[in-house]
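Working notes, structure below.
The values are calculated or read from the model by the stated rules, or taken from the named source; none is laboratory data. No experiment lies behind these values; they were computed from the predicted model shown. Positions of Cβ are backbone-derived with ideal geometry, glycine not excepted, and every protein chain shown enters the neighbour counts. These area figures cover heavy atoms from the full protein model, side chains too; ligands, DNA and RNA do not enter into them. Shrake-Rupley method; radii C 1.70, N 1.55, O 1.52, S 1.80 Å.
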Amino acid sequence: MNFHTSFVLLGILVVLYLILIEVFTVLYRFQGIASDKARFQATSLLTATGFTTKESELLLLNKKRRRLTQITMLFGYIFNLTIISTFINIFRLSSSATRNDWFLAGIFVGVMIIIIEVCNKKIHWHQYIEKLLKKINKPNKKNRIDIYDEYAGKVIAEVEINNLNDNIVNKNIVEMKLKENFGIQLLVIIRKGNIINDIDPKEQLKKNDTILIFGRNKDIKKFFKC
């Protein structure tokens, strides 16, 4: 592998690395992790930096997330090793490189940076990747859950009501007995962009509502069939 080829390979690896971060961010979103936390965890795992015990708790709550975390770490190790090897190869070949070689390499790096910046601003990679993965996975129409944080065995979660199951349909908040039977506290209802925090006990949940709740993860998933 010559000097120029090494730089081209490095550029390709960087682009693949960025795409891979978007892929794993979407996969964590599919597992109920909020977007900002999903991106942080995917980036941390793939770069092997910043993965703290507190932040890792959400990723270890169930078997699927633990498996996805293992896969993400494996991809991270492979890419890191490949990139480091490419850097070593560039350093090894640098002694025989001419000024013209360095000039061309500099132009290539500059062009790559510009392309990456333009793509990040103009192209929403995560949207395309999410659509593609949804087609591949063919997800069911369960209610979507995003877990924001965990406290003493309970979680703060956001649930998007896509289907009105038997626990919800034609029942108001009182009739659902969320707190009495499931220990779930309904905190906020978001409906058509409007936030309802002073919730009337006679209020009924509607399709496409988004709710913020507090309770045990398994109880939330059981009640709302997430």
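Below are the figures for this structure:
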{"quantity": "Candidate set: segment 1-44, residues that are free of Cβ contacts under 8 Å to residues at least 40 places away in the same chain and open to solvent by less than 10 Å² (accessible area, probe 1.4 Å); chosen: the one farthest from K63 (Cα to Cα)", "calculated": "S44"}
{"quantity": "The one condition in (1) at pLDDT below 75; (2) closer than 17 Å to F224 by Cα; (3) open to solvent by less than 70 Å² (accessible area, probe 1.4 Å); (4) of a type in the set (S, T, N, Q) that N143 fails to fulfil", "calculated": "(1)"}
{"quantity": "Selection count where residues are under 27 Å from S35 (Cα atoms) and part of a strand (DSSP E or B), scope segment 153-172", "calculated": "7"}
{"quantity": "The one condition in (1) among the hydrophobic types (A, V, I, L, M, F, W, C); (2) touching a helix residue (DSSP H, G or I) at 6+ places or on another chain (Cβ under 8 Å); (3) open to solvent by 40 Å² or more (accessible area, probe 1.4 Å) that I184 fails to fulfil", "calculated": "(3)"}
{"quantity": "Flag for E150 being open to solvent by less than 40 Å² (accessible area, probe 1.4 Å) and either assigned to a strand (DSSP E or B) or under 21 Å from S35 (Cβ atoms) (or both)", "calculated": "no"}
{"quantity": "Test: S85 is modelled with pLDDT of 80 or more, farther than 27 Å from K154 by Cβ, open to solvent by 30 Å² or more (accessible area, probe 1.4 Å) and not β-branched (V, I, T)", "calculated": "yes"}
{"quantity": "Qualifying residue in segment 192-199 (condition: buried (at least 16 other Cβ atoms within 10 Å of the Cβ), closer than 19 Å to I145 by Cα and either of a type in the set (D, E, K, R) or in contact with an Asp or Glu (Cβ under 9 Å, 6 or more places away or on another chain) (or both))", "calculated": "no"}
